[in-house]
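The values are calculated or read from the model by the stated rules, or taken from the named source; none is laboratory data. If you're wondering where the values come from, they're calculated on a predicted model, not measured in any experiment. No Cβ is skipped: glycine too gets one built from the backbone with ideal geometry, and neighbour counts run over all protein chains shown. Keep in mind that these areas ignore ligands, DNA and RNA; they rest on the heavy atoms of the full protein, side chains included. Shrake-Rupley method; radii C 1.70, N 1.55, O 1.52, S 1.80 Å.
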Amino acid sequence: MNNAPQNTASSRRGSAIAWGLAPVAWILALVLWPWLSESGTVAIVMFVVLLALPAPWLLWASWRMPRPRVDTYLAEGGALLTMLVSVYIAVLVYMIANEGPAPIELMLIFFAAAAVLIAAAWPLPGRRIAYGAAALACVILGIGLRVLYSDTSYYPGIDFVTKDELFAYAFLGLPALGALLQVAWWLRRKSRAA
């Protein structure tokens with residue numbers, strides 16, 4: 001009697017459950033971190049590692065996990081969700097009490113996020129438009145928060161869009177547009193194949 005197919009199915013199911021719960025565990029660790037950590041350098045390093053974790057997570061899902069499988073898609077989706085939250089937290093940390101342009105560290109964080117998205121899209125032609133749009137949003141925000149600083153609530157030369165609106169358009173709008181264009185590309189390719 002051969003149990004290999006049952007073991008493989010059980011293993012895949014366990015992997016899917018683990019990757020499905022991974023974002024929940026990451027967010028719980030982030031929420032509970034202030035109460036579980038000690039103050040000082042170790043706590044700051046742990047926090048930075050926790051915020052940086054979505055980058056290798058996304059690269060692992062893109063480069064190493066087999067496709068098409070449910071656990072791979074759950075790992076990829078969880079990595080993207082936690083990366084979005086991580087970058088937003090970085091913006092809050094660096095900009096919440098900042099008077100003036102964004103610090104260079106925040107610009108480098110955005111550039112690093114863009115580089116991770118491009119690297120993750122490399123082996124996945126079916127993700128290149130969506131990940132490319134998200135990477136473009138990161139570059140625009142990295143440069144915009146640093147260079148397009150103004151004392152008013154409007155960016156120079158863009159007096160009909162406030163800083164918060166421009167941030168929301170770039171941070172959420174460009175990736176959403178990229179995802180829609182990616183779906184349109186998939187549908188067009190599928191209709192041509194049929």
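Output the residue which, of all residues in the range 19-47 that are open to solvent by less than 50 Å² (accessible area, probe 1.4 Å) and touching a residue at least 40 places away in the same chain (Cβ under 8 Å), is farthest from F110 (Cα to Cα).
Per the stated criteria, the residue is G20.
Select from the range 48-76 the residues that are open to solvent by 40 Å² or more (accessible area, probe 1.4 Å), farther than 18 Å from A115 by Cβ, touching a helix residue (DSSP H, G or I) at 6+ places or on another chain (Cβ under 9 Å) and not charged (D, E, K, R) and list them in ascending order.
Matches in the range 48-76: P66, V70, Y73, L74.
At pLDDT 75 or above and open to solvent by less than 30 Å² (accessible area, probe 1.4 Å): which single residue out of L145, L108 fits that description?
The unique qualifying residue is L145.
Return the residues of the range 112-133 that are surrounded by 16 or more Cβ atoms within 10 Å (Cβ to Cβ) and of a type in the set (F, W, Y); say none if nothing qualifies.
Y131 - this is the single residue of the range 112-133 that is surrounded by 16 or more Cβ atoms within 10 Å (Cβ to Cβ) and of a type in the set (F, W, Y).
Please pick out the residue among M65, M46, M83 that is among the hydrophobic types (A, V, I, L, M, F, W, C) and outside any helix (DSSP H, G or I).
M65
Does L180 satisfy being open to solvent by 40 Å² or more (accessible area, probe 1.4 Å) and either part of a helix (DSSP H, G or I) or at pLDDT 80 or above (or both)?
It is true that L180 is open to solvent by 40 Å² or more (accessible area, probe 1.4 Å) and either part of a helix (DSSP H, G or I) or at pLDDT 80 or above (or both).
For the range 77-123, which positions are aliphatic (A, V, I, L, M) and more than 16 Å from the chain's Cα centre (by Cα)?
V93, M95, I96, A97, A102, I104
Cβ-Cβ below 6 Å, separation at least six or inter-chain, first residue in the range 87-100 and on the phi > 0 side of the Ramachandran plot, second at pLDDT 85 or above and assigned to a loop (DSSP other than H, G, I, E, B): which pairs?
none
Quick grid of which residues meet (1) more than 28 Å from I143 (Cα to Cα); (2) touching a Gly at 6+ places or on another chain (Cβ under 9 Å):
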position: G20; (1), (2): yes, yes
position: W35; (1), (2): yes, no
position: A43; (1), (2): yes, no
position: L53; (1), (2): no, no
position: P66; (1), (2): yes, no
position: Y73; (1), (2): yes, no
position: E76; (1), (2): no, no
position: M83; (1), (2): no, no
position: I89; (1), (2): no, no
